[in-house]
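Input: a single structure, listed below in structure tokens.
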Amino acid sequence: SQKAKNKRIDFGRKYENQDFYISYPTNWEIVQENSNMSNTTIALQIMQKHVNNYDFASNVSIIVSPQKWKESTSYLAEMSFKQFKNYAENVKLISKNDAIELSICKGTLTHYTYELQGYHLGVKQYIVKKEDNSTFTITGTYDADNKAISSKEIDKVIQSILLF
């Protein structure tokens, strides 16, 4: 039912604007909000607080596109992945699922790993669209060497998202 899909998950901290709601653990913090980069707006980036300077901090970013893309989420995910491969090292596709649902939106989930500055990182990138073609790119990045814990935490944070 729609009510079950829209049940709010509460981790103790939450953020809400006109486009979405997200809840995140108390050991996470907002590191970027409403910043403009080229043709996109990073509406929010939240990150796990650093335990020490050597650990990678899991994070989730939400981009709300000002453009209403007519292309499919599968196509947009493919283009995003191809662009990413140009900038990252040892990128490996784990899976691509073109039939996911997040909140009230349908879309594509691309899961991959890569290396950056000695870290082995995992990414779960959701590209979802509302019926009016409003497009959201939700990216969770985690320490792939500590996948059992950090990937599950990313999943829970992303599943807390409600898109309006």
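Of the residues that make up segment 144-154, is at least one under 22 Å from K82 (Cβ atoms), of a type in the set (G, A, S) and assigned to a strand (DSSP E or B)? Talk me through it step by step, then tell me what you get.
Restricting attention to segment 144-154, the residues satisfying the condition of being under 22 Å from K82 (Cβ atoms) are 144.
After this cut, where a residue has to be of a type in the set (G, A, S) as well, the list is 144.
Among the residues that remain, those that are also assigned to a strand (DSSP E or B) are: none.
No: segment 144-154 contains no residue that is under 22 Å from K82 (Cβ atoms), of a type in the set (G, A, S) and assigned to a strand (DSSP E or B).
In this structure, does S134 turn out to be open to solvent by less than 70 Å² (accessible area, probe 1.4 Å), at pLDDT below 95 and closer than 25 Å to Q18 by Cβ? When the stated conditions are applied, S134 passes them. From Q159, Q125, grab the single residue that is polar (S, T, N, Q) and without any contact (Cβ under 8 Å) to a residue 60 or more places away in the chain. The conditions single out Q125.
Residues considered: V60, V51. Of these, the only one that is under 22 Å from D145 (Cβ atoms) and modelled with pLDDT under 90 is V51.
Restricting segment 1-20 to residues that are closer than 21 Å to Y142 by Cα and surrounded by 15 or more Cβ atoms within 10 Å (Cβ to Cβ), the residue that is modelled with the lowest pLDDT is I9. Filtered by the rule that a residue be within 23 Å of Q83 (Cβ to Cβ) and among the hydrophobic types (A, V, I, L, M, F, W, C), segment 100-132 gives I100, L102, C105, L109, L116, L121, V123, I127, V128.
Cβ-Cβ contacts under 7 Å between residues 6 or more apart (or on different chains), taken from a first residue in segment 94-115 that is at pLDDT below 95 to a second residue that is among the acidic types (D, E), are listed as E115/E89.
Could you tell me whether T139 is closer than 27 Å to T26 by Cα, touching a Lys or Arg at 6+ places or on another chain (Cβ under 6 Å) and in contact (Cβ under 8 Å) with a residue 24 or more places away in the chain? Write out each step before concluding.
On the way: closer than 27 Å to T26 by Cα: yes; touching a Lys or Arg at 6+ places or on another chain (Cβ under 6 Å): no; in contact (Cβ under 8 Å) with a residue 24 or more places away in the chain: yes.
In short, no.
Being touching a strand residue (DSSP E or B) at 6+ places or on another chain (Cβ under 7 Å), modelled with pLDDT under 85 and either of a type in the set (S, T, N, Q) or open to solvent by 40 Å² or more (accessible area, probe 1.4 Å) (or both): is that true of T73 here?
Details: touching a strand residue (DSSP E or B) at 6+ places or on another chain (Cβ under 7 Å): yes; modelled with pLDDT under 85: no; either of a type in the set (S, T, N, Q) or open to solvent by 40 Å² or more (accessible area, probe 1.4 Å) (or both): yes.
No.
Under the condition of being within 19 Å of A144 (Cβ to Cβ) and surrounded by 12 or more Cβ atoms within 10 Å (Cβ to Cβ), the residues counted in segment 93-118 number 11. Just one of the numbered conditions (1) outside any strand (DSSP E or B); (2) surrounded by 18 or more Cβ atoms within 10 Å (Cβ to Cβ) is not true of K85: (2).
The values are calculated or read from the model by the stated rules, or taken from the named source; none is laboratory data. All values derive from a computational prediction rather than experimental measurement. All Cβ positions, glycine included, derive from the backbone under ideal geometry; neighbour counts span all protein chains shown. Each accessible area value is taken on the protein alone, full model and side chains, heavy atoms only, with ligands, DNA and RNA left out. Shrake-Rupley method; radii C 1.70, N 1.55, O 1.52, S 1.80 Å.
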